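Structure first, then comments.
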Amino acid sequence: MSAVALEPVGATTSTPLAGPVLRVDLSAVAANTAAIAARTDTDLMAVVKADGMGLGAVDVARTALAHGAGWLGVTTVAEALALRGAGIDVPVLSWLTPSGAGCVEAYVAAVLADVDVAVPTAAHLAALEQAATLVGRTARAHLHLDTGVARDGCEPQRWAALCTAARAGELRGALDVVGVMGHLPCSEDPDHPSNTTGRRRFRWGLGVATTAGLSPRHRHLAATAVVLSQPGAHHTLVRVGIGLLGVDPGDTLALTAPLTLTAPLVMVRQVRAGTPVGYGAAWSAPARTRLGLLPVGYADGLPRSASGRAEVMVRGRRCPVVGRIAMDQTVVDLGEAGEAVGHVEAGERVTVLGPGAQGEPTLAEWARWSGTITAEVLCGLGASARLHRVVVPAHPPTTSSRPATGGLRSVS
Ligand SMILES: *Cc1c(COP(=O)(O)O)cnc(C)c1O
């Protein structure tokens, strides 16, 4: 992934910017972090798993830490070590390590790097204690209770035994159970009965932990949707991922999308009525029209399943994506010359998606067009090694160097 921090924007070389550009605006991440931090009295953990859902884990982490977050959360120990490698020294929690071969080694690395780990089973607990003993340190654990997802948390029937075993580990000096965590399955629907059950189970789990002699000071259940819709479930720490990236699953808070994907038209052609377009000839021009070709496709994270529904913005107007989105190419119906978008030539930069402020399609629309959630589209775009990435810092040195809307056109 090529990444360029623009200071100022116009100073970057123009060559790679002639192709598709994925612009990551960290000031949006900063604003979202501050807006979400204002909605809770608890500590805020910025979840930057999966490379910050594709936006860049270190960039998102640093920005979030500068605007209200005090913790970082990731899935794997390797992701946590990458943050440490970047010199970030705030508390970091990793919550998913396969037990069995490799687990002790992963935990040794975690303990040495001062990374907290979530512990869902007795096997994980034993591995963590072994790792702590090997390196002669006390490991920081967050016992993870399943609060209704039936995924990676401890089954309730094994919880008391896990708490008792963890307390024994504490008394041996190997472990410090600093936290207890849960995760809710239907957080996007605050009225779903599973939330009530999950919240109740979490409180029950905290009681069991206390009875076992543990005193976890960090108690966390809420991800973005819960933070924004279930204030009673914040406990002492909330874990927020997608919200930092501008998505409020419940639509209660105006957040800003940090991503903009633009691409130049490679060519523009005039076609006759009846001309079939793209693989499978899934669409044929109903009338004479002009087609524009964009050099992006599903290899760049544009979901193929959005074919036939998606739109892009050309010169301030929405134009439909026609035919099937291919691995590297997408065709857009520009209409007849003289119609809405007017005269368009190859090289014209098209907005595939953005925050929506100028009427361009948003991530949420792309998710709807492809029948998925925004996080999946984000991860797909972010994982593309081919999109040229431009990272705009959260605090541009002066307002004049701040990219105006469409500012990228001037450098392409
Ligand atoms: C991904 C994840 C989060 C963050 O969820 P968002 O909905 O993105 O805020 C929090 N906790 C756990 C355990 C997760 O896996």
> Residues in the range 229-248: is at least one among the hydrophobic types (A, V, I, L, M, F, W, C), away from the ligand (no atom under 13 Å from the Cβ) and over 23 Å from G169 (Cβ atoms)?
Replying inline: no
> For the range 223-249, what are the residues that are closer than 22 Å to D152 by Cβ, surrounded by fewer than 24 Cβ atoms within 10 Å (Cβ to Cβ) and out of contact with any helix residue (DSSP H, G or I) (no Cβ under 9 Å at 6 or more places or on another chain)?
Replying inline: T236
>> If I go through the range 49-67 residue by residue, how many of them are closer than 18 Å to L96 by Cβ and either open to solvent by 10 Å² or more (accessible area, probe 1.4 Å) or acidic (D, E) (or both)?
In response: 5
>> Given (1) open to solvent by 50 Å² or more (accessible area, probe 1.4 Å); (2) modelled with pLDDT of 95 or more; (3) of a type outside the set (K, R), identify the lone condition not met by S307.
In response: (1)
> Of all residues in the range 251-278 being surrounded by fewer than 16 Cβ atoms within 10 Å (Cβ to Cβ) and over 29 Å from G308 (Cβ atoms), which is farthest from the ligand (Cβ to nearest atom)?
Replying inline: A254
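Can you report the number of residues in the range 224-244 which are assigned to a loop (DSSP other than H, G, I, E, B) and at pLDDT below 95?
1
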> Is the range 371-379 home to any residue that is in a loop (DSSP other than H, G, I, E, B), open to solvent by less than 30 Å² (accessible area, probe 1.4 Å) and out of contact with any Lys or Arg (no Cβ under 8 Å at 6 or more places or on another chain)?
Replying inline: no
> If a residue has to be surrounded by 23 or more Cβ atoms within 10 Å (Cβ to Cβ) and within 14 Å of the ligand (Cβ to nearest atom) to count, how many in the range 203-222 make the cut?
Replying inline: 3
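On the basis of being in contact (Cβ under 8 Å) with a residue 40 or more places away in the chain, open to solvent by 10 Å² or more (accessible area, probe 1.4 Å), closer than 14 Å to A310 by Cα and not β-branched (V, I, T), does E365 make the cut?
Details: in contact (Cβ under 8 Å) with a residue 40 or more places away in the chain: yes; open to solvent by 10 Å² or more (accessible area, probe 1.4 Å): yes; closer than 14 Å to A310 by Cα: yes; not β-branched (V, I, T): yes.
For E365, the condition - in contact (Cβ under 8 Å) with a residue 40 or more places away in the chain, open to solvent by 10 Å² or more (accessible area, probe 1.4 Å), closer than 14 Å to A310 by Cα and not β-branched (V, I, T) - is met.
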>> Out of the residues in the range 176-202 meeting the condition of being more than 16 Å from the ligand (Cβ to nearest atom), farther than 28 Å from N32 by Cα and of a type in the set (D, E, K, R), tell me which one is surrounded by the most Cβ atoms within 10 Å (Cβ to Cβ).
In response: D176
> Filtering the range 149-165 down to residues that are closer than 15 Å to T197 by Cβ and open to solvent by 40 Å² or more (accessible area, probe 1.4 Å), which residue is farthest from the ligand (Cβ to nearest atom)?
Replying inline: E155
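Considering only the range 113-139, state which residues are buried (at least 22 other Cβ atoms within 10 Å of the Cβ) and of a type outside the set (A, V, I, L, M, F, W, C). Steps first, please.
If we filter the range 113-139 for residues that are buried (at least 22 other Cβ atoms within 10 Å of the Cβ), which is where we start, we get 115-120, 124-125, 127-129, 131-132, 139.
Within the range 113-139, D116, P120, H124, E129 meet the criteria.
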>> Just checking, does the range 121-143 include any residue being outside any loop (DSSP other than H, G, I, E, B), away from the ligand (no atom under 16 Å from the Cβ) and charged (D, E, K, R)?
In response: yes
> Is it fair to say D41 is in a loop (DSSP other than H, G, I, E, B), of a type in the set (D, E, K, R) and away from the ligand (no atom under 16 Å from the Cβ)?
Replying inline: yes
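The values are calculated or read from the model by the stated rules, or taken from the named source; none is laboratory data. The structure displayed is predicted, hence computed values, not measured ones. Cβ coordinates were reconstructed from backbone atoms using ideal geometry, including for glycine residues, and neighbour counts include every protein chain displayed. Just the protein is used for accessible areas: all its heavy atoms, side chains included, with ligands, DNA and RNA removed. Shrake-Rupley method; radii C 1.70, N 1.55, O 1.52, S 1.80 Å.
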